[in-house]
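Each remark here refers to the structure printed beneath this line.
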Amino acid sequence: MSRSNALLKVEALNAYYGRAQILFDVGFEVGRGEVVALMGRNGAGKSTTMKAVMGMLARTSGTIRFLGEDIAGMAPYRIARMGLGYVPEDRRVFGDLTVMENLDTGRQPPREGAPQWTPDRLFRVFPNLGEMRERRGSRMSGGEQQMLTVSRTLMGNPRLVLLDEPSEGLAPVIVRQMADMILELKREGLSILLSEQNLNFAERVCDRAYVLEKGQVRYAGAMRDFVRDGTARRDLLGV
C-alpha cells in the first residue's frame, strides 16, 4: 500500500555489477518515523539495494524518490546533503582519529524536519562512546566502531538512515545495545531502513519488512505478520 508520507519510495529498481543483473524491479517505501527491514539471505541483494539508493553503483535503472525528488543517478555526496544517511556494513571509521575527531568529520548543519544531533546528545544514546572521547578508532572493538559509525552519520542530521547489517558479527550483548539504540532513534523521530538477517533483531525494532530473494522482493508486509508466517520464514530465510 502506498504511503503519502513516504520519505523514500523506490520503484522498478534494477542494478548491475558489470553485465550481471543483481536487482530485478525492486520496490519499497519508508515512511516518516518508520523502521523498515530489508531482509534476505546472503547474496539476496540487500547491500546492493542500499548502494543503488545512495548512487554508488555505475549502472542502475528505475525511480528512487527521496522527499519527493527523483535522486536516481544523483552523485552520492548530493544525496547525503539532502539528508539521506548511510552506514555501510564494514564500519569505516578513521583509525588514526579520536572519537570526537571522527564525529567532526560527519558534521552538517541542522536541517528542517530532522532530529538535530550534537556529541553530547549522541553520548546520551551511546554512553560507551562518551567514556572514550579521546580514544582512536583503531583501538576500539567492533561493536564500539559500529556505534561510532552510526554516530558519525547522525552528526549529519539525516532525515532517514540506511543501516547495512547493523548486528552482523557483534556479540549478543552489543546486538541488544544496537536494538535499544535503534528504538531510541525511532523515538527521536528518525526514519530507518536496515538490512538484516537476524530475525529476532528485526522483529524487535522494525515496523514492516521487505524480503528479497535473488534480487526480487518476495514478501512485503508488517514485521509481525512475517514473523508469524512460518512458511514465508522458512522459504525466504531458512528459519
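Worth pointing out:
- Of residues in the stretch 184-202 being assigned to a helix (DSSP H, G or I) and touching a residue at least 40 places away in the same chain (Cβ under 8 Å), the one surrounded by the fewest Cβ atoms within 10 Å (Cβ to Cβ): GLU184
- Across the stretch 166-186, a minimum of one residue is classified as at pLDDT below 95, among the β-branched types (Val, Ile, Thr) and closer than 18 Å to TRP117 by Cα.
- Looking across the stretch 106-123, the residues that are more than 20 Å from GLY33 (Cα to Cα), within 21 Å of the chain's Cα centre (by Cα) and part of a helix (DSSP H, G or I) come down to PRO119, PHE123.
- Pairs linking a residue in the stretch 215-239 that is loosely packed, with under 13 Cβ neighbours inside 10 Å and of a type in the set (Val, Ile, Thr) to a residue that is outside any strand (DSSP E or B) and at pLDDT below 95, with Cβ atoms under 6 Å and 6 or more positions apart or on different chains, are VAL239/LEU199; VAL239/ARG233.
- Failed item in (1) surrounded by fewer than 21 Cβ atoms within 10 Å (Cβ to Cβ); (2) closer than 22 Å to PHE201 by Cα, with LEU163 passing the rest: (1)
Yes or no, residue by residue, for (1) touching a residue at least 60 places away in the same chain (Cβ under 8 Å); (2) surrounded by fewer than 16 Cβ atoms within 10 Å (Cβ to Cβ); (3) farther than 14 Å from GLY85 by Cα; (4) among the aliphatic types (A, V, I, L, M):
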position: ARG111; (1), (2), (3), (4): no, yes, no, no
position: GLN116; (1), (2), (3), (4): no, yes, no, no
position: ARG133; (1), (2), (3), (4): no, yes, yes, no
position: MET140; (1), (2), (3), (4): no, no, yes, yes
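- Of all residues in the stretch 38-65 being of a type in the set (Lys, Arg) and more than 15 Å from GLY18 (Cα to Cα), the one that is surrounded by the most Cβ atoms within 10 Å (Cβ to Cβ): LYS46
- Helices (runs of 4 or more DSSP H) fully within the stretch 1-105 that include at least 2 residues being in contact with a Gly (Cβ under 7 Å, 6 or more places away or on another chain): 76-81.
- The single residue among VAL205, VAL173 that is aliphatic (A, V, I, L, M) and surrounded by 17 or more Cβ atoms within 10 Å (Cβ to Cβ) turns out to be VAL205.
- Screening SER138 against (1) out of contact with any Pro (no Cβ under 9 Å at 6 or more places or on another chain); (2) within 15 Å of VAL35 (Cβ to Cβ); (3) assigned to a helix (DSSP H, G or I) leaves a single unmet condition, (2).
- Set ILE182, ILE192: member being in contact with a helix residue (DSSP H, G or I) (Cβ under 6 Å, 6 or more places away or on another chain), aliphatic (A, V, I, L, M) and under 26 Å from GLY143 (Cα atoms): ILE182
- Unmet requirement for SER151, which otherwise passes all of (1) crowded, with 21+ Cβ neighbours inside 10 Å; (2) farther than 22 Å from THR118 by Cα: (2)
The values are calculated or read from the model by the stated rules, or taken from the named source; none is laboratory data. Remember, predicted model here, so these are calculated numbers, not experimental data. FYI the Cβ positions are ideal-geometry reconstructions off the backbone, even for glycines, and counts take in every protein chain you see.
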